[in-house]
1. Scan the stretch B:112-135 for residues that are part of a helix (DSSP H, G or I) and under 15 Å from B:Ala59 (Cβ atoms) and jot them down.
2. I need the full set of residues from the stretch A:227-240 which are within 14 Å of chain B (Cβ to nearest Cβ) and crowded, with 20+ Cβ neighbours inside 10 Å, in order please.
3. Restricting to helices (runs of 4 or more DSSP H) lying wholly in the stretch A:1-88: which have 3 or more residues that are under 22 Å from A:Ile252 (Cα atoms) and among the hydrophobic types (A, V, I, L, M, F, W, C)?
4. What about A:Gly285, is it buried (at least 22 other Cβ atoms within 10 Å of the Cβ) and assigned to a loop (DSSP other than H, G, I, E, B)?
5. Given the options A:Met270, A:Met275, name the one that is free of Cβ contacts under 8 Å to residues at least 40 places away in the same chain, touching a helix residue (DSSP H, G or I) at 6+ places or on another chain (Cβ under 8 Å) and surrounded by fewer than 22 Cβ atoms within 10 Å (Cβ to Cβ).
6. Quick one: count up the residues across the stretch B:124-138 that are crowded, with 19+ Cβ neighbours inside 10 Å, closer than 20 Å to B:Tyr346 by Cα and of a type outside the set (Gly, Ala, Ser).
7. Yes or no: the stretch B:67-75 includes at least one residue that is within 16 Å of B:Thr95 (Cβ to Cβ), in contact with a Phe, Trp or Tyr (Cβ under 7 Å, 6 or more places away or on another chain) and in a helix (DSSP H, G or I).
8. Looking only at the stretch A:40-58, which residues are buried (at least 24 other Cβ atoms within 10 Å of the Cβ) and aliphatic (A, V, I, L, M)?
Amino acid sequence: MGDLSLAAVLPQIFTGLVLGMIFVLLAIGLSLIFGLMTVVNFSHGALYMLGAYFTVFVLTYTRSFWLALVVAPIIVGTLGLLVERFLIRRLYGRSPDDPLLLTFGLSLVLIETAKLIWGKVGLTLDPPRELAGAVNLGFMAFPAYRLFVIGVTVAVLIGLWAFVTRTNVGLIIRAGSRDPLMVRALGINLNRIWLLVFGIGCGLAGLAGALAGPMRGAYAEMGVTMVIESFVVVVVGGMGSLLGAVVAGIMIGQVVGITTFFAPKLAEIMVFVVMAVVLLIRPSGIFGEAGLAE
Amino acid sequence: MQRGAQLAQDELNGKGGIMGRKVEVLFRDDQLKPAVGAQRTKELIENEKVQFIVGGLAAHVQMAINEQTKKSNVLFISTSQSDEISAKPDTSPITFHEALNPTITSRVIGKWTCDNLGKKWWIIYADYAWGKQNNQVLQDTLKANGGTLLGSTPYPLGSAEFSAHLPKIQAAKPDVLMSVTPGADNIAFLKQVRSFGMDKQMKLAQPLLWIAYLKEGGPELYQDVHGALNWYWELQDSIPTAKKFVEASMKKFNMPPGDYGAYSYSGVMEVARGVELAKSTNAEAVANALRKSPTYDHFKGKQWWRACDNKSFQDLWIMKGRGPGKAKGEWGLADIVAKVSADEKYDRTCAEKGHA
């Protein structure tokens, strides 16, 4: 089963960290949307997939990966705006199952559409030339692009944190997730905030897909398992908690990385075992507030 | 796959059909889902009154199709990679298997890899029926050839994320990294192996190369990746019937026939040959006729049906990705490294497959 030396485990921790970053980006979007709107966005995996496809698309036309990395999440985010404005908005005030079913159906539509447009084989894209090689970390040669993924995620998280804690809009978002009725009573139009948050959450899914594309390729079903694992991250971290999404995302990445090392067959199951254990100890997740998910 | 069958249909009708009757091939999409495959098959048989079924890509879907054809007494030629389809209890006297199977491909690539690339292996395989079968055959073949297995790792099919597996494999320093990673996984796997620099430390091999993924992944990704193929269009340089087949395809579709197109072409042509021989469209009569004169040669050299299990035996080729700059046109992406002639020893024996 392999030895326990630091030299053997360090590479696992690093590869797990990159997995965790993608989970964090997906989970934080899900959590943001759920926290404010109590909408379980099941189309998140499909939007992640579209992020990867749009990256290929923009890359083909502009030949700039950097531009694609910015534009693709914006396209996905805009798509999110449209979905909120024209589909989900109609379901506010109804049972939370309705938006869940709607977004689930939407994800099926998006996956099949992707197959129709781009084919069933999927598309490949390469990391930009500047990040094509591997960097020697002392204990292993690590792909430069994967380090870049860690860097981008950290930068996005810092930006998001500043947005939520330091801006007026951020203040409204936080207030709106605590007590939407009170915020409305103060004369604030929450509809616009919901629209914005849904767009940002979807844009983050698009970014996750754009970042994952050069590592995994783009194919129609790429989000199917990712969305489930991301929900696990959200539940473990605490529904609606942004800090929880970050901590749990990194944690689940490490669980996958370390379990793969010792017992690859169990890697998938371990994710759910961790969720079960966390929920037994803290039913609302690590950073969750009791009552929010009811 | 559809294109291959269309070529066969055109060719047969160009010659005036079978026994004066025109051949019509109907196409249905099984969506790689067993339930859909079964339903479409049922509709084809009951509503469209088709007399023969050819096709199937995913192994479990093909099994579902086979259940329907057996029930309705319709002859089925499977073009899917599977060990069970020609073995008891699933097979039947009217179930034929045109494609290769995990036993054959993994024995062939396994032995060739031991002889040519190295005897210290790590195997990584998709954790489902087809992946597990290949893994087992590869391990047995490695052992039989005096090789050492350093490790064998399952991964969940369709996960597309291999990075957590790679450091351990890298540390073990195998001569050969053998991967059983079908579909989009294949591209993700090779990308990640290369990004960790492992392509420079070990040889890469897999039971099969898939032309569609080879084309999508591109020459850089598949450079020096070894795998077997049932058919490759550049065989036209050495085989006259292959040249004819490629030319027909270029003319109609402006692209050479692919690996699965070749199976479906051959499958439809065999239905036609069987009907001509039997002078009947009755499933048993056609099946008996094919078993009575089992040898055929439609596009790549001699093939034959083994009488006990209706399994097709055929030549296959060991291929190697050509690499950037050496690709010939859009489809010339691999070099033929070796030809492995058809031989019944590569499959399990009739007795091993449950045929008395």
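The values are calculated or read from the model by the stated rules, or taken from the named source; none is laboratory data. Because the structure is a prediction, the values reported are computed rather than measured. Here Cβ is always computed from backbone atoms with ideal geometry, including for glycine, and neighbour counts include all displayed protein chains.
1. We begin by selecting, within the stretch B:112-135, every residue part of a helix (DSSP H, G or I); these are B:112-116, B:129-135.
Selection gives B:Ala129, B:Trp130, B:Gly131, B:Lys132, B:Gln133, B:Asn134, B:Asn135.
2. Within the stretch A:227-240, the first condition is being within 14 Å of chain B (Cβ to nearest Cβ), and the residues that meet it are A:227-230.
Result: A:Val227, A:Glu229, A:Ser230.
3. On the way: elements: A:6-37, A:44-62, A:65-86.
So the answer is A:6-37, A:44-62.
4. Numbers: buried (at least 22 other Cβ atoms within 10 Å of the Cβ): yes; assigned to a loop (DSSP other than H, G, I, E, B): yes.
The answer is yes for A:Gly285.
5. Numbers: A:Met275 fails: free of Cβ contacts under 8 Å to residues at least 40 places away in the same chain.
It is A:Met270.
6. Residues of the stretch B:124-138 crowded, with 19+ Cβ neighbours inside 10 Å: B:124-126, B:130-131, B:133-135, B:137-138.
Next cut, closer than 20 Å to B:Tyr346 by Cα only: B:130-131, B:133-135, B:137-138.
Within this subset, residues satisfying the condition of being of a type outside the set (Gly, Ala, Ser) are B:130, B:133-135, B:137-138.
So the answer is 6.
7. Residues of the stretch B:67-75 that are within 16 Å of B:Thr95 (Cβ to Cβ), as a first pass: B:67-75.
Those left that are additionally in contact with a Phe, Trp or Tyr (Cβ under 7 Å, 6 or more places away or on another chain): B:69, B:74-75.
Restricting the remaining residues to those that are in a helix (DSSP H, G or I) gives B:69.
Yes: one or more hits.
8. If the condition is that a residue be buried (at least 24 other Cβ atoms within 10 Å of the Cβ) and aliphatic (A, V, I, L, M), then A:Ala46, A:Leu47, A:Met49, A:Leu50, A:Ala52 are the ones that fit.
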